[in-house]
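Participant: Here it is: the structure, laid out below.
The values are calculated or read from the model by the stated rules, or taken from the named source; none is laboratory data. These numbers were taken from a predicted model, which means no experiment stands behind them. Every residue, glycine among them, receives a Cβ derived from its backbone with ideal geometry; neighbour counts consider all protein chains shown.
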Amino acid sequence: MLRNDHDALWHNSLTPQTVRDGGFDATAVVHGKGCRLQDATGTWYLDARAALWNTTLGYSCERIVDAVTEQLRRLPVAQMIRYQEPAEVSLRYARRLVAALPDPLNHVRFGSTGSQMTSAAVLMSRFVRKVRGETQRVKVLAFTNGYHGTGGLAGALTGERQMHALQAPLAPEVHHVRPWDLAALERAVERHGPENITAVIVEPIMGTDVVPAPEGALARIRELCDLHGIHLIADEVTTGFGRTGAMSVMAAQGVLPDMLVLGKGITSGYFPLAALVCSDSVFDEAVSRAEYVFPHGCTADGHPAAMAAGLAVLEELADGTLLERVRTTGAEIRRRLRAAAAEIPLIHDVRGEGLMVGVELRRESGRPGESEMAEVRDACKAAGLLLTSTNNTLVLMPPLVLDEEEVDELVERLTTALRTVV
Ligand code: PLP
């Protein structure tokens, strides 16, 4: 039985409570402009979550719209799998994308979601082992609370407890250690046997609670992987493509992974696209034996319109001005929120890099629980600001094109909302 539209659309924020109350009742959004979203009642919001952290260029990027439209007119569909001919735009885009990344990250495969490509990274790692005859190397180490997607292997890689528990039986060889506890990571390598471990996967800044790698940690993980011949997979689905003011946080720190996963901002969310970029050595080994072909790919991978959107995003970022601005805008938001913490004790910590900002909330009595966090999000929405939260941290990831006036508005609306819930 359908009671309303929200019953037909099984929204993934539907909870027993919202079902009891007659369904998920968020008003639908109908229009986006710049960094703003309008709902069906006509109310405009400043979108500090950039859809789901992906609309990096905001809702009005004409260059992307034009590129996608033109591509849809010229060649709306093409396949890249099963020996079919790739679209010319895929070849052009792949060249441009790898040119924007450091050597030896020179070989890219395309998929439609971040989840698909974090899974692909692990499967590629295992595939290389198979080609080499190292068939016992199947284990993967990841971080508790890390997020690498949902569904099958990606869900098992994800260290968020609920999601991992549901999907871990599908991929029993994924093991988690405490984020950025390098001694624990080393112990895990010893415990599982370095010769059995194929890969370590990390987000250089964890999206959940916005937890950056401590200084030097990425380099030490790289060293550990090199010592034992383990692949390092960097999941930069959230952190890549300008979110922190760089194309890749790892590359900006001079620590190169064997495989880099990109998504979200890769098309500013205008078309589903994610990428797995492999190093020369992963590529060379994977294609070294004629009898083995990496068995992975879906019908819509490398969709021509996604390729066109990706090219347009690269063009928008090409001269570096936006990336530069992201670093200063993000620093300014953090500075102002830290200053506000003096009179809003609920603000416990403000952290992040570029326009990836975490605002951790605490009360004297302890961490706010989920219902209190929902109250804070509601207060922000009432103040005209959309944001996400994970655990007791508010996560601000506005479009990168946020201007000065919008920075003022964001800080003003957030602090107003936090004052109302104190
Ligand atoms: N990896 C990270 C770090 C992410 O933040 C996400 C999505 O939030 C994913 C992977 C999964 O991407 P998708 O939702 O496109 O499958």
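Participant: Quick one: count up the residues across region 247-294 that are touching a residue at least 60 places away in the same chain (Cβ under 8 Å), more than 18 Å from His148 (Cβ to Cβ) and either touching a Phe, Trp or Tyr at 6+ places or on another chain (Cβ under 7 Å) or not in a helix (DSSP H, G or I) (or both).
Facilitator: 12
Participant: Pick out the one residue from Ala184, Ala154 that is outside the structural domain of Leu394 (by TED's automatic domain parsing) and more than 13 Å from the ligand (Cβ to nearest atom). Let's see the steps before the verdict.
Facilitator: Details: Ala154 fails: more than 13 Å from the ligand (Cβ to nearest atom).
It is Ala184.
Participant: Within region 18-128, which strands (runs of 3 or more DSSP E) (wholly inside it) include 3 or more residues that are surrounded by 22 or more Cβ atoms within 10 Å (Cβ to Cβ) and not aromatic (Phe, Trp, Tyr)?
Facilitator: On the way: elements: 29-33, 36-39, 44-47, 105-111.
Correct list: 105-111.
Participant: While we're here: Evaluate region 165-178: report whether one residue or more is at pLDDT 95 or above, under 18 Å from Gln253 (Cα atoms) and not assigned by TED's automatic domain parsing to the domain that holds Pro368.
Facilitator: No, there is no match, as no residue in region 165-178 is at pLDDT 95 or above, under 18 Å from Gln253 (Cα atoms) and not assigned by TED's automatic domain parsing to the domain that holds Pro368.
Participant: Looking only at region 185-220, how many residues end up being closer than 18 Å to Asp258 by Cα, within 15 Å of the chain's Cα centre (by Cα) and among the acidic types (Asp, Glu)?
Facilitator: Selection size over region 185-220: 1.
Participant: Let me ask something else about it. Please verify whether Gly146 is closer than 28 Å to Met206 by Cα, touching a helix residue (DSSP H, G or I) at 6+ places or on another chain (Cβ under 6 Å) and not aromatic (Phe, Trp, Tyr), treating the condition exactly as stated. Steps first, answer last, please.
Facilitator: Working: closer than 28 Å to Met206 by Cα: yes; touching a helix residue (DSSP H, G or I) at 6+ places or on another chain (Cβ under 6 Å): no; not aromatic (Phe, Trp, Tyr): yes.
Taking the combined requirement at face value, the residue does not satisfy it.
Participant: Would you mind stating whether Leu273 is within 13 Å of the ligand (Cβ to nearest atom) and buried (at least 19 other Cβ atoms within 10 Å of the Cβ)? Let's see the steps before the verdict.
Facilitator: Numbers: within 13 Å of the ligand (Cβ to nearest atom): yes; buried (at least 19 other Cβ atoms within 10 Å of the Cβ): yes.
Here the answer is yes, as Leu273 does meet what is asked.
Participant: Those residues that are within 14 Å of the ligand (Cβ to nearest atom) and outside any loop (DSSP other than H, G, I, E, B), I need them from region 141-151; list them, please.
Facilitator: Ala142, Phe143
Participant: Let me ask something else. If you go through region 340-349 one residue at a time, do you hit one that is modelled with pLDDT of 95 or more and in a helix (DSSP H, G or I)?
Facilitator: Yes: region 340-349 contains one or more residues that are modelled with pLDDT of 95 or more and in a helix (DSSP H, G or I).
Participant: Follow-up question, since we're still on this one. Checking Arg132 against (1) over 20 Å from Leu260 (Cβ atoms); (2) of a type outside the set (A, V, I, L, M); (3) within 16 Å of the ligand (Cβ to nearest atom); (4) touching a residue at least 40 places away in the same chain (Cβ under 8 Å): exactly one of these is not met. Which one?
Facilitator: (3)
Participant: Okay, moving on. Please enumerate the residues belonging to region 203-246 that are within 15 Å of the ligand (Cβ to nearest atom), in a strand (DSSP E or B) and touching a residue at least 60 places away in the same chain (Cβ under 8 Å).
Facilitator: Ile205, Met206, Val211, Pro212, Ile233, Asp235
Participant: For region 104-125, which residues satisfy the criterion of being near the ligand (Cβ under 9 Å from one of its atoms) and either of a type in the set (A, V, I, L, M) or at pLDDT below 95 (or both)?
Facilitator: Hit for region 104-125 is Met117, nothing else.
Participant: Are any residues in region 378-414 under 15 Å from Cys35 (Cα atoms) and small (Gly, Ala, Ser), and if so, which ones?
Facilitator: Gly384
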